[in-house]
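Report on the structure given below.
The values are calculated or read from the model by the stated rules, or taken from the named source; none is laboratory data. Quick caveat, the model's predicted, so the values are computed rather than measured. Here the Cβ positions follow ideal geometry from the backbone for every residue, glycine too, while neighbour counts run over all protein chains shown. Accessible surface areas use protein heavy atoms only, side chains included; no ligands, DNA or RNA. Shrake-Rupley method; radii C 1.70, N 1.55, O 1.52, S 1.80 Å.
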Amino acid sequence: RAKQEGGGVFSFYAPEMNQRAMETMEIESALRLALERGEFTLYYQPKVDLASGRISGCEALIRWLHPRRGVVAPADFIPLAEETGLIVPIGTWVLKEACRQVRAWQAEGVPIANVAVNLSARQFRTGDLPGLVREVLGETGLDPHLLELEMTESMVMADHAQVVAVMEELTAIGVRLSLDDFGTGYSSFAHLSHFPINHLKIDRSFIKQIVTDPNSATIATSIIAMAHRMRLKAIAEGVETEAQLAYLRKQGCDEIQGYLLSRPLPASEYAALVRRDAGFSCLSAAEQGGGR
Ligand code: C2E
Ligand code: MG
Ligand code: MG
Ligand code: MG
């Protein structure tokens, strides 16, 4: 019928589907252009080691500096980038940029520790991730131990055997691996023990309720204990209050990350923070109630 009426393919679709498909295509080409025009940037959020009170490293978090909309958060474009596959070139850019930035900081004498980069499932499945990592480390000259790759449970559970092989290859290069948003996906604990990982990052949703909800507290405490039994470090993400910090310290959590210490910062502001070595001063100020 559509053919007879000369309606073309679009007449088979409901108007709202058409609309959605069009929007996806528009955003996809906007993202592609953004990459070409260099509109992406990385912000850096410090992690602090609770034993020493010092900044132990940072997490690189992507932002889209949109010419009209300003700073766009990853939640507003990463899912679409994943859906369209653009996350692969964007993820490659993130990896290169983070490594380049750390080298630049080293050259400027900024006492920088490691940088953690978030990976998407597609980057695991598409092409040769270890090859890419090797290439980027080679080009930038970054010490592999200074690079950490964050992945989520759902990513690593999906295709277990293949993923473990990739993780082992990455570990052999010397990069560190961590499991992000831990506790929210379905981890098979049996599988967990086979992953060559260094860190477990306790999801923000538990930390948020750690002092108000006994079940969240139990989960967080159990993750810390399990991490230690497996010789992994436990990191709490999304620490916003002194009470949360005090609780985590009491439970022996190794590192924390969150607004209590600092929001993610543009590179220059992050460098200034590290130069002041604000890890110690942030923590002690927060614990004396002098906070921010
Ligand atoms: P994530 O990897 O779990 O990163 C932590 C998120 O928590 C960041 O959000 C950070 O700004 C936020 N956060 C940190 N401390 C606090 C706190 O105390 N309170 C609250 N409410 N939030 C806090 P952001 O930067 O918006 O990133 C969101 C997610 O987007 C990330 O979650 C990650 O899954 C993804 N993402 C960010 N950058 C990249 C990237 O370069 N590649 C990929 N594939 N994903 C990325
Ligand atoms: Mg992360
Ligand atoms: Mg996380
Ligand atoms: Mg998260």
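Some values worked out for this structure:
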{"item": "Test: residue in segment 216-238 that is assigned to a loop (DSSP other than H, G, I, E, B) and within 13 Å of ligand 1 (Cβ to nearest atom)", "result": "yes"}
{"item": "Subset tally (residues that are within 16 Å of ligand 4 (Cβ to nearest atom) and not β-branched (Val, Ile, Thr)) for segment 115-131", "result": "5"}
{"item": "Residue in segment 232-259 that is farthest from VAL211 (Cα to Cα), counting only those that are small (Gly, Ala, Ser) and within 15 Å of ligand 3 (Cβ to nearest atom)", "result": "ALA234"}
{"item": "Yes/no for ILE87 being in contact with a Lys or Arg (Cβ under 6 Å, 6 or more places away or on another chain), within 16 Å of ligand 2 (Cβ to nearest atom) and at pLDDT 90 or above", "result": "yes"}
{"item": "Any hit, segment 56-66, residues being of a type in the set (A, V, I, L, M), at negative phi and not in a strand (DSSP E or B)", "result": "no"}
{"item": "Selected residue (criterion: farthest from LEU147 (Cα to Cα)) from residues of segment 187-238 that are hydroxyl-bearing (Ser, Thr, Tyr) and within 16 Å of ligand 4 (Cβ to nearest atom)", "result": "SER216"}
{"item": "Single residue of TRP93, TRP64 found to be among the aromatic types (Phe, Trp, Tyr) and either under 19 Å from ARG275 (Cβ atoms) or open to solvent by 30 Å² or more (accessible area, probe 1.4 Å) (or both)", "result": "TRP93"}
{"item": "Which listed residue, of PRO79, PRO46, PRO15, is open to solvent by 80 Å² or more (accessible area, probe 1.4 Å) and either at pLDDT below 95 or farther than 25 Å from PHE124 by Cα (or both)", "result": "PRO15"}
{"item": "Pairs, first in contact (Cβ under 8 Å) with a residue 40 or more places away in the chain in segment 226-255, second part of a helix (DSSP H, G or I) and open to solvent by less than 40 Å² (accessible area, probe 1.4 Å), C-beta under 6 Å, six or more apart", "result": "GLU242/ALA286; CYS253/ILE224"}
{"item": "Cβ-Cβ under 8 Å pairs, at least 6 apart or on other chains, segment 58-75 side more than 18 Å from LYS96 (Cα to Cα) and modelled with pLDDT under 95, far side open to solvent by less than 30 Å² (accessible area, probe 1.4 Å) and of a type in the set (Gly, Ala, Ser)", "result": "HIS66/ALA34"}
{"item": "Those residues of segment 227-246 which are open to solvent by less than 40 Å² (accessible area, probe 1.4 Å) and either of a type in the set (S, T, N, Q) or more than 22 Å from the chain's Cα centre (by Cα) (or both), in sequence order", "result": "GLN244"}
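Results for (1) open to solvent by 20 Å² or more (accessible area, probe 1.4 Å); (2) outside any loop (DSSP other than H, G, I, E, B); (3) free of Cβ contacts under 8 Å to residues at least 12 places away in the same chain, shown as yes or no for each residue.
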site	(1), (2), (3)
VAL156	no, yes, no
VAL163	no, yes, no
GLU169	yes, yes, no
ASP180	no, yes, no
ALA190	yes, yes, yes
PHE195	no, no, no
LEU200	no, yes, no
ILE210	no, no, no
